[in-house]
């Protein structure tokens, strides 16, 4: 089988497994909250059950890489030598072509 087709099938399988996993987590937590918590507490916790998986995924796949990129921007091109604000100073002072 063509390697591109294999990669596409793997990506589709990963998306399907991830989607099913999030749905299972959502429904599992929803059932857990409905059966174990009193009505007053349930009304406060249930919105977080709906938003929680999204916030978790955004944190893992967007926030952590953004923080790491910001951290690495203070290092040189090989990401080993600390250069501080030198990268920012060079980018601001270099003329646009």
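The values are calculated or read from the model by the stated rules, or taken from the named source; none is laboratory data. These numbers were taken from a predicted model, which means no experiment stands behind them. Here Cβ is always computed from backbone atoms with ideal geometry, including for glycine, and neighbour counts include all displayed protein chains.
Residues in region 13-30 that are surrounded by 11 or more Cβ atoms within 10 Å (Cβ to Cβ) and farther than 15 Å from residue 56 by Cα: 27, 28, 30.
Counting residues that are in contact with a helix residue (DSSP H, G or I) (Cβ under 9 Å, 6 or more places away or on another chain) and modelled with pLDDT under 90, which helices (runs of 4 or more DSSP H) fully inside the chain reach at least 1?
Details: elements: 3-36, 39-58, 64-72, 86-93.
Output list reads 3-36, 39-58.
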